[in-house]
Amino acid sequence: MKVLLAEYTTAHDPALAREGRAMLDVLTRSFTRCGHEPVLVGSGDFASEIERLAPGCDMGLVIAPDGMLAGFTMLLEQHTHNLGCGFMTAALCANKVQTGKVLRSHGIPVPGDAGTGKRVIKPVKGCGSQGVRLSDGEPGEGEFCQEYIDGEHLSVSIVSNRVIGDACLYFTGNPAAVLAVNRQLIGIAGDGSFRYCGGETPVHPAREDEITGVARKAAEVLGCQGYCGIDVVVADKVYVVDVNPRITTSLVGIAACMEEEIADLLISASKGEGPAGVHLKGSVRFDTHGKVTQL
């Protein structure tokens, strides 16, 4: 089968291009090993490339910055079977303020409103750590602030079975599969800017069951489908600080440890038939350029 892998940053965002290429390479190799034909977009207008290529593909997946993901995903869904989160979930998760309200209303811990002193300022619609900073200043236009929680930075990579969208006929009610808990390597520059430097996977923190339970609930509440990454800070509680309804850089490390193929997982989950779990061997450190080092 032909699979459209529409990764935005490789050709259109130099600041994130190497990170995007690393994710795209992992996916391309996996779909090829599974006997499928990956179809990649060119360097032209991204939306036009999706409209041109998607009708000739059996399925597809969009990887793009959160603020753009919903629009491109909606376009993909008009032409072929989507292996990722539906465009409505992508639109919700792109708005960090609204996402926090939804999670809080369901009893999922999220950082509270910032008081005085140091707090985290971030874009309402941002991607990764871009624009996120620790500051005692005021948020600018299109930004908001949260309390700073001092704790362990982790993420949980999940593959959820189909919930809504073009494949709703495949709904089975099967729970999401946790691929791995990942340690996030976060740097804070002298000006307070956060920088994501990669991570380690898999890790097994003392409160692993609690961490994965919170992540699963967040993904379920928001209606996530396919691969998603739930960023958390573990302190007195497990706080959800971001939900990425798309492929994340952690997959680069996970794929190096996982016996299963991510291509098979995405396809089976899109039809409600994803596995209950996966098998991991060893552990690795990975960076944002695709380098993987055995630990």
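Here are a few things to note about the model shown:
- Residues that are modelled with pLDDT of 75 or more, assigned to a loop (DSSP other than H, G, I, E, B) and crowded, with 19+ Cβ neighbours inside 10 Å within segment 126-148 comprise just one, Val132.
- Answer residue from segment 236-250, given it is polar (S, T, N, Q) and either free of Cβ contacts under 8 Å to residues at least 24 places away in the same chain or not in a loop (DSSP other than H, G, I, E, B) (or both) and is farthest from Ile121 (Cα to Cα) among those: Ser250
- Within segment 192-210, the set of residues being surrounded by fewer than 23 Cβ atoms within 10 Å (Cβ to Cβ), closer than 27 Å to Lys291 by Cα and not small (Gly, Ala, Ser) comprises Phe194, Arg195, Tyr196, Cys197, Glu200, Val203, His204, Pro205, Glu208.
- Qualifying positions in segment 266-293 - assigned to a helix (DSSP H, G or I), open to solvent by 10 Å² or more (accessible area, probe 1.4 Å) and in contact with a strand residue (DSSP E or B) (Cβ under 8 Å, 6 or more places away or on another chain): Ile267
- Evaluation of Gly253 against (1) without any contact (Cβ under 8 Å) to a residue 60 or more places away in the chain; (2) among the small types (Gly, Ala, Ser); (3) outside any loop (DSSP other than H, G, I, E, B) (one fails), failing number: (1)
- Within segment 153-186, tally of residues that are modelled with pLDDT of 80 or more and under 19 Å from the mean Cα position of the chain (by Cα): 21
- Scope segment 82-101; condition of a type outside the set (A, V, I, L, M, F, W, C), crowded, with 23+ Cβ neighbours inside 10 Å and not in a helix (DSSP H, G or I); matching residues: Asn82, Gly84, Gly86
- The lone exception for Ala189 - which of (1) surrounded by fewer than 16 Cβ atoms within 10 Å (Cβ to Cβ); (2) of a type in the set (A, V, I, L, M, F, W, C); (3) more than 27 Å from Thr293 (Cα to Cα); (4) at pLDDT below 95 it fails: (3)
- When Gly229, Gly282, Gly223, Gly253 are checked against the criterion of being at pLDDT 95 or above and either in contact with a Cys (Cβ under 6 Å, 6 or more places away or on another chain) or at positive phi (or both), Gly282 stands alone in meeting it.
- The set of residues in segment 1-39 being in contact with a strand residue (DSSP E or B) (Cβ under 8 Å, 6 or more places away or on another chain) and either among the aromatic types (Phe, Trp, Tyr) or surrounded by fewer than 15 Cβ atoms within 10 Å (Cβ to Cβ) (or both) consists of Met1, Tyr8, Phe31, Thr32, Glu37.
- Summed over segment 201-235, the residues that are outside any helix (DSSP H, G or I) and either under 13 Å from the mean Cα position of the chain (by Cα) or free of Cβ contacts under 8 Å to residues at least 60 places away in the same chain (or both) give a count of 13.
- Residues of segment 40-67 satisfying the condition of being assigned to a helix (DSSP H, G or I), open to solvent by 10 Å² or more (accessible area, probe 1.4 Å) and over 19 Å from Gly223 (Cβ atoms): Ala47, Ser48, Glu49, Glu51, Arg52, Leu53, Pro55, Gly56
- Options Gly67, Gly44, Gly35, Gly56; residue that is modelled with pLDDT under 95 and either of a type in the set (Lys, Arg) or farther than 30 Å from Lys96 by Cβ (or both): Gly44
- Taking the criterion of being part of a helix (DSSP H, G or I) and closer than 11 Å to Thr288 by Cβ, the residues of segment 16-33 that qualify are Ala17, Arg18, Glu19, Gly20, Arg21, Ala22, Met23.
The values are calculated or read from the model by the stated rules, or taken from the named source; none is laboratory data. Keep in mind the model is a prediction, meaning the values are calculated, not measured. Because the Cβ atoms are built from the backbone with ideal geometry, glycine has one as well, and the counts that use them run over all protein chains shown. Accessible surface areas use protein heavy atoms only, side chains included; no ligands, DNA or RNA. Shrake-Rupley method; radii C 1.70, N 1.55, O 1.52, S 1.80 Å.
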